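Report on one structure; see the data block that follows.
The values are calculated or read from the model by the stated rules, or taken from the named source; none is laboratory data. As the structure is a prediction and not an experimental result, all values here were calculated from the model. When we count neighbours, we look across all protein chains shown, and the Cβ atoms used for this are built from the backbone with ideal geometry, even at glycine.
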Amino acid sequence: MSPFDPEESPLARTRRARRMARELAVIHPDAHCELDFTTPLELLVATVLSAQTTDKTVNKVTPVLFARYPDAAAYAGADRAELEEVLKPTGFFRAKANSVIGLGQALVERFDGEVPGRLADLVTLPGVGRKTANVVLGNAFGVPGLTVDTHFGRLVRRFGWTAEEDPVKVEAEIAEIVPKKEWTMFSHRVIFHGRRVCHAKKPACGACGLAAWCPSYGIGPLDPEAAAKLVKTPAASDTE
């Protein structure tokens, strides 16, 4: 049965959600983008590479990648075999090499080699969907964005904030609940919570600070000791 309660009024749901969002800020004061980057281009490439792998794996690959390909033109003219070799640890490296080369070419041809700071432009780039665009906007340009990755979608459904499965519809519904200025940090906190506490198969319900407002409370162990053992430290949390 879905945790979403259609009989809960939109106002009650928004109030409950905002209370949970405030608590998430207390639980995860260290929440941040876990991909290492120094420029919008680096973040864009790292986010594209993070599909189907962990941020930790991407962060191991990017120092070599960023040193070898310092700008969009370098990606556009990359030797495919060389690039694939660097990207191999991230999985799906042939498709990712295609995306990164295509990305470089599109940036050079259409945006003078610079990463655009608008959602409408970003989503026209190869391998870039709304999720990637919002990561880049929120963390490289300071433009509020909701990052609906698998953790985010799973948690807001588990919290009973939405019943939607489609990421675009999830984003639209949560955008109505969470104040715009908080979108980027809120996304980080939800993703941190999903990686550290509210796991897909066995959430640490008995050690969760959101228990009082969560309709899914009880789907994981309630015993505080058993639940505490499920909570991952930041160093171990990037395995999902």
Any residue in segment 155-167 that's touching a residue at least 24 places away in the same chain (Cβ under 8 Å): show its pairings with residues that are of a type in the set (S, T, N, Q) and not in a helix (DSSP H, G or I) at Cβ separation under 7 Å, as long as the two are six or more apart or on different chains.
Val156/Thr162; Arg158/Ser216; Ala163/Ser2
Spot the failing condition for Met185; the list is (1) in the same structural domain as Ala46 (by TED's automatic domain parsing); (2) assigned to a helix (DSSP H, G or I), and only one is missed.
(1)
Filter segment 1-35 for residues that are out of contact with any Phe, Trp or Tyr (no Cβ under 9 Å at 6 or more places or on another chain), surrounded by 13 or more Cβ atoms within 10 Å (Cβ to Cβ) and closer than 30 Å to Phe66 by Cα and give the result.
Cys33, Leu35
What number of residues in segment 176-231 are buried (at least 21 other Cβ atoms within 10 Å of the Cβ), more than 19 Å from the chain's Cα centre (by Cα) and β-branched (Val, Ile, Thr)?
0
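Across segment 1-32, what is the total count of residues that are of a type in the set (A, V, I, L, M, F, W, C), under 20 Å from Arg154 (Cα atoms) and touching a residue at least 24 places away in the same chain (Cβ under 8 Å)? If you could, list the steps in order and put the result at the bottom.
Applying the first criterion (of a type in the set (A, V, I, L, M, F, W, C)) to segment 1-32 yields 1, 4, 11-12, 17, 20-21, 24-27, 31.
After this cut, where a residue has to be under 20 Å from Arg154 (Cα atoms) as well, the list is 1, 4, 17, 20-21, 24-25, 27, 31.
Those still in the list that are touching a residue at least 24 places away in the same chain (Cβ under 8 Å) too: 4, 17, 20-21, 24-25, 27, 31.
Of the residues in segment 1-32, 8 are of a type in the set (A, V, I, L, M, F, W, C), under 20 Å from Arg154 (Cα atoms) and touching a residue at least 24 places away in the same chain (Cβ under 8 Å).
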Residue match in segment 121-128 (condition: in a helix (DSSP H, G or I) and in contact with a Ser or Thr (Cβ under 8 Å, 6 or more places away or on another chain)):
yes
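Scan Ala81, Ala46, Ala73 and give me the residue that is in a helix (DSSP H, G or I) and surrounded by 16 or more Cβ atoms within 10 Å (Cβ to Cβ).
Numbers: Ala81 fails: surrounded by 16 or more Cβ atoms within 10 Å (Cβ to Cβ); Ala73 fails: surrounded by 16 or more Cβ atoms within 10 Å (Cβ to Cβ).
Matching residue, one of Ala81, Ala46, Ala73: Ala46.
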Val156 fails exactly one of the following numbered conditions: (1) assigned to a helix (DSSP H, G or I); (2) not assigned by TED's automatic domain parsing to the domain that holds Gly218. What is the number of that condition?
(2)
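Which of the residues spanning segment 18-36 are farther than 24 Å from Pro63 by Cβ and in a loop (DSSP other than H, G, I, E, B)?
Taking segment 18-36 and keeping what is farther than 24 Å from Pro63 by Cβ, we get 18-29.
Matches in segment 18-36: His28, Pro29.
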Which residues, counting only those in segment 49-63, are part of a loop (DSSP other than H, G, I, E, B), at negative phi, surrounded by fewer than 19 Cβ atoms within 10 Å (Cβ to Cβ) and of a type in the set (S, T, N, Q)?
Thr53, Thr54
With in contact with a Phe, Trp or Tyr (Cβ under 7 Å, 6 or more places away or on another chain), β-branched (Val, Ile, Thr), closer than 23 Å to Ser2 by Cβ and modelled with pLDDT of 95 or more as the only criterion, which of Val168, Val178 stands out?
Val178
Six or more apart or on different chains, Cβ atoms under 9 Å: show the pairs whose first residue is in segment 191-219 and over 20 Å from Met1 (Cα atoms) and whose second is outside any loop (DSSP other than H, G, I, E, B) and of a type in the set (Phe, Trp, Tyr).
Ile191/Phe152; Gly194/Phe152
Out of Thr124, Thr162, I need the residue that is more than 15 Å from the chain's Cα centre (by Cα), of a type in the set (S, T, N, Q) and within 30 Å of Arg13 (Cα to Cα). Which one?
Thr162
